[in-house]
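Taking it in order: structure first as structure tokens, then the write-up.
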Amino acid sequence: MTATKKTDKPPAVDTMPSGTTSGTPQVLLAHHLKQLKLPTVLREYDKVARECARDGVDHPRYLLRLIELELIDRERRVVERRIRQARFPAVKSLDTFDFTAIPSLNKMLVLELARCEYILRHDNIIALGNSGTGKTHIGLSLGLAACQKGFSVAFTTAAGLVHQLMEARDERRLLKLQRDLQAVKLLIVDELGYVPLSPTGAELLFEIFSQRYERGSTIVTSNLPFEDWTSVLGSERLTGALLDRLTHHVSILTMNGDSYRLKQSTGNRRPEATAEQNQGTGDTVDPDTGEITEA
Ligand code: ADP
Ligand code: MG
């Protein structure tokens, strides 16, 4: 925020009672705009006033310009807050996703999903495929799109979510966490399949999917085909019931192919060590610049 230069010393804003008529208009204006939570108007009014005076713009249009600036900034702040609340491990978008690298993935379907209408229908998405094929990237991108479209999002891994649920249960705040998870418009559960879950963990995860069924959208990514999900969830009965709910209204993204990580690492012909270092961290190496991008 740029401080407006003042020649006379302003009285302390904090001590100014609201509605008072004393003090310079700028000080009062600053006070009132802060109270009304219009930071952009406060920051811009002087500059825009000078521009409007120079261009011969009348007062209603001056006010309109200022208010429009505030609205644009407010929307941006809201989106930023939603992105922070989603707890994405990294912010990724479809702009940086190379669809030609993964021909098994239906690009049109992904673009359609990025419009977020499935969230209004409370439908789900499941991305299946081997490691390094961009499942997390797609999950993050769809999560970002949802934030930008005004939906609340929460991103977690299956193991992380189960850990959170177990911890909440031990601390007798499971109901609160379940309610919070139910309230979010889009829940993204990444990496179902890498870690087998304990029977309690599987039950707790099932409850989350069950509570969200037809009430909110869930994205699940997994390296395992459906027939192997029992190996993660332990029980065939539970897996059946979970899949039944999850796949009732679902778009399935098939993402089988070469690992993008591996291709990137070998493609840039850097020393073996670099490729190895990058494995497991999810980092990618730009083949042109050799720059390492954190996952
Ligand atoms: P997965 O979750 O399937 O194991 P990731 O989404 O973590 O794979 O992808 C590994 C890395 O490769 C990430 O840095 C991701 O951004 C990148 N990546 C994967 N596929 C693509 C793609 N088609 N275009 C651009 N980057 C990709
Ligand atoms: Mg992943």
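Sort the stretch 127-237 into rounded, prolate or oblate with this rule: let a ≥ b ≥ c be the square roots of the eigenvalues of the Cα gyration tensor; rounded if a/c is under 1.5, and if a/c is not under 1.5, prolate when a/b is larger than b/c, oblate otherwise. Oblate, because a/c is 1.5 or more while a/b does not exceed b/c.
What shape does the stretch 25-84 take by its C-alpha gyration tensor, where a ≥ b ≥ c are the square roots of the eigenvalues and a/c under 1.5 counts as rounded, a/b above b/c as prolate, and the rest as oblate? Oblate.
Which shape class, rounded, prolate or oblate, goes with the stretch 30-186 when its Cα gyration tensor gives a ≥ b ≥ c as root eigenvalues, a/c under 1.5 marks rounded, and past that a/b bigger than b/c marks prolate? Because a/c hits 1.5 or more and a/b fails to exceed b/c, the stretch 30-186 counts as oblate. Each label point was placed 7 Å from the Cα along the Cα-to-Cβ direction; for D123 and R169 their separation is 3.3 nm. Per residue, the stretch 206-269 exposes 49 Å² of solvent-accessible protein surface, assessed with a 1.4 angstrom probe and all protein chains in place. Subtracting the Cα-Cα distance of K47 and S231 from 0.36 nm times their residue separation leaves 59.9 nm of extension gain. Multiplying the residue separation of I72 and Q35 by 0.36 nm and removing their Cα-Cα distance gives an extension gain of 11.4 nm.
Based on alpha-carbon centroids, what's the gap between the stretch 120-138 and the stretch 205-254 in Å, whole number please? About 12 Å separates the Cα centre of the stretch 120-138 from the one of the stretch 205-254. Charged side chains reduced to their Cβ positions (Lys and Arg at +1, Asp and Glu at -1) give the stretch 94-254 a dipole of some 500 debye around its Cα centre.
Note on S152 and N256: the extension gain reaches 34.5 nm, defined as 0.36 nm multiplied by sequence separation minus the Cα-Cα distance. A cut-off under 14 angstrom between Cβ atoms defines the neighbours of L186, and their net charge, with Lys, Arg +1 and Asp, Glu -1, is +4. Dipole magnitude of the stretch 118-206 about its Cα centre, charges +1 at Lys/Arg Cβ and -1 at Asp/Glu Cβ only, in debye to the nearest 20? The calculated dipole for the stretch 118-206 is roughly 320 debye.
The values are calculated or read from the model by the stated rules, or taken from the named source; none is laboratory data. These figures come from a predicted structure and were not determined experimentally. Counting neighbours? That spans all protein chains shown, and the Cβs are built from the backbone with ideal geometry, glycine included. Protein only, heavy atoms only, side chains kept; ligands, DNA and RNA dropped before computing areas. Shrake-Rupley method; radii C 1.70, N 1.55, O 1.52, S 1.80 Å.
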